[in-house]
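The structure appears below as structure tokens.
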Amino acid sequence: MADKERVPNTLPLSRVKTIMKSSPDVSSISQEALHATGKATELFIQALAKVSLEKSKSDQTELSYNDLAEIVNSEETLQFLQDIIPRKIKMSEYYDLIKEEEEEDEENEEDGS
């Protein structure tokens, strides 16, 4: 494929560069590395969307947040994204989880004393 026919990156490279530079280990970024990282990110997002859509329980052609969260939490290779794409829970469920953790902490303190 000739350079003129090449599809440009769809992610804004300035944003990709900003994210890359946010790492304290990165001092400079070559244009080649920036383009490669941008393209790799695009391919990763496409693969994630494709797998999520295939494993979606609905027969829709649209992908919902819940579909992404479910695949991230069920696939071992994607669990590094759990903090970024967590399952949605109701506020009442969150409060129940916090309450349970506090009760467990109190029990642990009593057992340790």
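In table form, for the structure just shown:
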item	result
Nonlocal Lys pairs with alpha-carbon distance under 26 Å, the chain (8 or more apart, or different chains)	14
Packing rank of 34-41, 66-73, 12-19, 82-89, where each peptide gets the mean count of other beta carbons within 10 Å, highest leading	66-73, 34-41, 12-19, 82-89
Value of [θ]222 nm, deg cm²/dmol, for the chain, DSSP H segments ≥ 4, -39500 (n - 2.57) each, nearest 500	-19500 deg cm²/dmol
FRET E, pair E104, T61, Förster distance 41 Å, beta-carbon r, rounded to 0.05	0.40
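Readers should treat all values here as calculations from the given coordinates under stated rules, not as data from a laboratory. These figures come from a predicted structure and were not determined experimentally. Backbone-built Cβ (ideal geometry, glycine too); neighbour counts: all protein chains shown.
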